[in-house]
Amino acid sequence: MNTIIRNGRIIDPANQRDEVADLLIVDGRFAPLSQLSTLKSQPDEINASNLIVSPGLIDLHVHLREPGFGWKETIESGARAAAAGGFTTIVCMPNTSPVADSPSTIAWIKDRATEVACVNVLPTGAISKGLMGEELAPIGSLAQAGVVAITDDGRCVQSNELMRRAVEYARMVGLPVFDHCQDYDLVGKGVVHEGYWSTLLGLPGWPSAGEEAIVMRNALLAELCDHHIHCQHISAAGSVRILREAQARGVRISGEVCPHHLALTDDRIQNFDTNFKMNPPLRTREDVTALLEGIADGTIGILCSDHAPHAGFEKEVEFDTAPFGITGLETELGLFLDLLVHQNKTVALARLLEMFTVNPARLLQIDAGTLSPGRPADVTLIDSELEWTFDASRSQSISRNTPFDGWKLKGRAVRTIVAGRTVWKL
Amino acid sequence: MTQPNEMRWQRKDLLGIRELSSGEITFILDTADAFKEVGTREIKKVPALRGKTLVNFFVEPSTRTRTSFEIAAIRLSADVINISAMSSSLTKGETLKDTAKILEANHADIIVLRHSSSGAPQFLAERLRSSIINAGDGAHEHPTQALLDLYTIRSRKGTIAGLHVAIIGDILFSRVARSNIFGLLKLGARVTLVGPSTLVPRAFEKLGVTVSHKIDEVLPTADVVNLLRIQHERQRKEYFPGIGEYIRLFGLTKERARLLKPDCLIMHPGPINRGVEIDSELADGAQSVILDQVTNGLAIRMAVLYLCGGIATP
């Protein structure tokens, strides 16, 4: 089955391409237009006038909750939410039950994804056994089983020595190391940003230094081991500064930003609504400004959702006992387009898409993120001007824990194509 | 009983002082004046809440606050039951929401909640028709304690506006401190927080108060000193080096008390660590109004239950 996408604005950052043209898909892969005349039958046509034709978007930070927490999300439902958000590839975190710290669990996730997921699902493996931060997980075996990175996401390896060995070992097997940056001593029982609102509301504070200390640690270890460490969901101004300074010296360290850390600040917690409780927490206007600057100058090169579904009954509890996290796959593109392109003019559209496509693909060393002929035909059609309202009750996710219900957004994926097949259409 | 002024009370819940206007605070204090008089009668009971059911729902242990609410409710002729965390289904894994919904289904008119999580009373207030009274939530607010403190100060000093009130001790973890700060500032007092920098961080200055780490510089100008309990049971050891050093730097010793104005009030929400935050004799001395606070607490809680209980329509 072949398809031709007509008259769209093709933006392919990997090839620095931005032009109105047609895009041909033959047997699930991109093909040069010259091949059109050799096809035995006419390809299906998709009219993409006034739409952006982007390489399929990649979200490298998603919690799919399986195995073990199927009441929050499943691989099937999470993949559907991804497709509805315009994502053709998602990377799932290992904090499942059992923890994804063994080849058998990785094999289970991959098998399950093949069976039920409508988008590409790439698993990560744990850094430490059981995410306990005490012993290395079998990182080499995990690499052979097909993980694209190792991380203890949701938790953070506290021992600098163990982290150093993990990074050294990961270098040997060619896996990037992702890290959820949180110093447990400094953060303690913190549930919200330590500042004015934590002081006013008497909620335990999570100081920015609790993130920055680990980002700094990672900069030192990335340099020591000459290997890549990717700092997940960066929220604090100081973290951006540390990344910028380390990158300037050639250290192999990167960072990612989630939309909620740009769209929201810590004043939102004043009604104790647990849909504003996430880890790392919402911070201040100054932090948002620093994140925007980091995105503008390239310090931050990857955008992600940290899609973290939780059931209503789990979130509808006292603020300090509620689980951290919000869903994000379906609102992510709209929020980033709105915040970074329409409102703040932080980046041009092509650069925004670069942060969703070629940049994560390079970090993960995967065959995705471009429209080059021969590559798997993962495509996202985007209407960047479409104004729409997010209705959480109609979400594809099993969970509804989002602070963005009812938000008016500008820009949305209108069609998601994986390996040449449309998996979602507005 | 006559209404003390023209204001009409409109809240079914009392969640904190921060959300109240100065007019509302004054209205509660004025209402408490009337109930204070009831406490001096031979028959101390009025029928204001007859037929209403009040649940003292204390998820975090408390004796003095729970007792005060219980006596206040009994004097208003409400029927009272007490539930502690140990005796509730919370220990069986029931959520706070479910437990509270059960109470409402049992026609509880008023729920007095003490909880270790900031925001728990608001959580219930948004979900129940019952009247929710915050009896202390985490380090957030303890509104009736602040109201009884304000009432005690007003009774002794005639007014709150223009007074200099020093709150001394563990401010960071104190809901009493926060509620007092909000109430005192709304009624025009000047507030200085005193204590070690770990327990009185500078972040409090943004609330409109002065932060000091030198108690001897603050005491001479204070009209009221409110000493908070050093809660060593809920702290990690890093907050200060030890009790001995705390007393040396911040304890209200007899020697330090000489710096106080003769008419400066000494207050303490209790329970007191005698010999730690305050010298034992000072706690019982002429400047101490600690027992007044307890008695006034009854009048304040009667006023609050009467006002909010009159709004609730389960």
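The values are calculated or read from the model by the stated rules, or taken from the named source; none is laboratory data. Just so it is clear, the model here is predicted, and its values are computed rather than measured. In this analysis, Cβ positions are derived from the backbone assuming ideal geometry, glycine residues included, and neighbour counts consider all displayed protein chains. Accessible surface areas use protein heavy atoms only, side chains included; no ligands, DNA or RNA. Shrake-Rupley method; radii C 1.70, N 1.55, O 1.52, S 1.80 Å.
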Each residue of segment B:189-201 in turn: what ³J(HN,Hα) in whole Hz from Karplus with 6.51, -1.76, 1.60 and θ = phi - 60°, glycine and Pro shown as x? 7, 9, 10, 10, 9, 10, x, x, 4, 6, 9, 10, x
Quick one: which of B:LYS52/B:LYS92; A:LYS315/B:LYS36; B:LYS52/B:LYS97; B:LYS52/B:LYS157; A:LYS189/B:LYS157 span more than 31 angstrom between C-alpha atoms? A:LYS315/B:LYS36; B:LYS52/B:LYS157; A:LYS189/B:LYS157
Let a ≥ b ≥ c be the square roots of the eigenvalues of the Cα gyration tensor of segment A:340-384; is it rounded (a/c under 1.5), or, if not, prolate (a/b larger than b/c) or oblate? oblate
Using amide H atoms built 1.01 Å from N in the peptide plane, name the residues 5+ places from A:HIS61, or on other chains, whose amide H lies under 5 Å from its own. A:VAL91, A:SER305, A:ASP306
Accessible-area order (highest first, 1.4 angstrom probe) of the listed residues A:MET1, A:MET93: A:MET1, A:MET93
Rounded if a/c is under 1.5, else prolate if a/b is larger than b/c, else oblate: which is segment A:379-419, with a ≥ b ≥ c the root eigenvalues of its Cα gyration tensor? oblate
Applying the gyration tensor rule to the Cα atoms of segment B:189-255 (axes a ≥ b ≥ c; rounded if a/c under 1.5, else prolate if a/b exceeds b/c, else oblate), the class is oblate
Summing both sides, how much accessible area is buried between B and A? Use a 1.4 Å probe and give Å² to the nearest 100. 1600 Å²
With +1 assigned to the C-beta of every Lys and Arg and -1 to the C-beta of every Asp and Glu, and no other charges, what is the dipole magnitude of the protein assembly as shown about the Cα centre in debye, to the nearest 20? 1380 debye
If you take the charge dipole of the protein assembly as shown about its Cα centre, with +1 on Lys and Arg Cβ and -1 on Asp and Glu Cβ, which of B:GLY309, A:HIS261, A:ILE326 is farthest toward its positive end? B:GLY309
Using a 10 Å Cβ count of at most 11 others and DSSP loop calls, identify the longest part of chain B lacking such GluC sites (Glu not before Pro). B:43-314
Ranked from highest to lowest mean number of other Cβ atoms within 10 Å per residue, what is the order of the peptides A:171-179, A:208-216, A:159-167? A:208-216, A:171-179, A:159-167
Mean accessible surface per residue for the protein assembly as shown, computed with a 1.4 Å probe while every protein chain stays in place, in Å²: 38 Å²
antiparallel share of DSSP beta bridges within chain A, to nearest 5, in %, is 50 percent
Crossing angle, helix B:64-75 versus chain B [Cα axis fit, 0-90 degrees, rounded to tens]: 40 degrees
Efficiency by 1/(1 + (r/R0)^6): what FRET value for A:GLU286 and B:ILE43, r their Cβ-Cβ distance, R0 = 45 Å, to the nearest 0.05? 0.15
Would you mind telling me which residue in B:LEU219, B:LEU29, B:LEU249 has the biggest mean-square fluctuation in a Gaussian network model of chain B, where springs connect alpha carbons within a distance under 10 angstrom? B:LEU249
Less than 27 Å apart at the alpha-carbon level, and either on another chain or at least 8 residues along: which lysines does that give for A:LYS110? A:LYS72, A:LYS129, A:LYS425
If r is the Cβ-Cβ distance from A:SER34 to A:ARG421 and R0 is 22 Å, what FRET efficiency results, to the nearest 0.05? 0.40
Cut-off 14 Å, label point 7 angstrom out along Cα-to-Cβ of A:ALA296: give me the residues of segment A:328-360 whose amide nitrogen falls inside. A:340-348
If amide H atoms are modeled at 1.01 Å from N in the peptide plane, then the residues at a separation of 5 or more from B:HIS164, or on another chain, having amide H under 5 Å from its own are B:ARG190, B:ASP223, B:VAL224
